[in-house]
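See below for the structure under consideration.
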Amino acid sequence: MAANDGTASGVGLFDLADKRLAWIDRRQQLLAQNLANADTPGWQAKDLKSFAATLTGTSAIDLATTSPQHIAIGAGGAISGVDRKALPEERAPDGNAVAIDSELTKVAQTNDSHALVINLYQTYLGMFRTALDR
């Protein structure tokens, strides 16, 4: 199940985990920029679109609509899409829009998501090893 480059490919779950980890990495970069520029006049806080929005329309998991009651998936955004609507309501007198407490909360949530994805990835690898009797 692993490709020659050491990554898991051909398994939707592992591809999904890889995409989630890439999204988490990009989000942590943006949040770090926000915190680093907390005192920069006029800095606008940035964040990514939700991970669910980045998956809309991708083929990470091929879902079949076998019933008219199924929800159809439409075309959507990319991992690099920055959501500028996530700006705080308050600004400093110098125009800075970074709310440190909000940014630190996002960093903690992103860290928790990273730990969850890594744990799930390792658990499923363990199940594959068990199934292959290794």
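Since every read-out is calculated from the coordinates, none of them should be taken as a lab result. This structure is a prediction, so every number in the text was calculated from the model and none was measured. Every residue, glycine among them, receives a Cβ derived from its backbone with ideal geometry; neighbour counts consider all protein chains shown.
The figures follow:
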read-out: Linear extension gain, Asn111 paired with Thr56, 0.36 nm per residue minus alpha-carbon span; value: 17.5 nm
read-out: Cut-off under 5 Å, modelled amide H: who pairs with Leu48 long-range; value: Asp83
read-out: Ordering of 19-28, 96-105 by packing [mean C-beta count within 10 Å, highest first]; value: 19-28, 96-105
read-out: Modelled label reach - Ala32, point 7 Å along Cα→Cβ, the stretch 95-112 residues with backbone N closer than 20 Å; value: 98-112
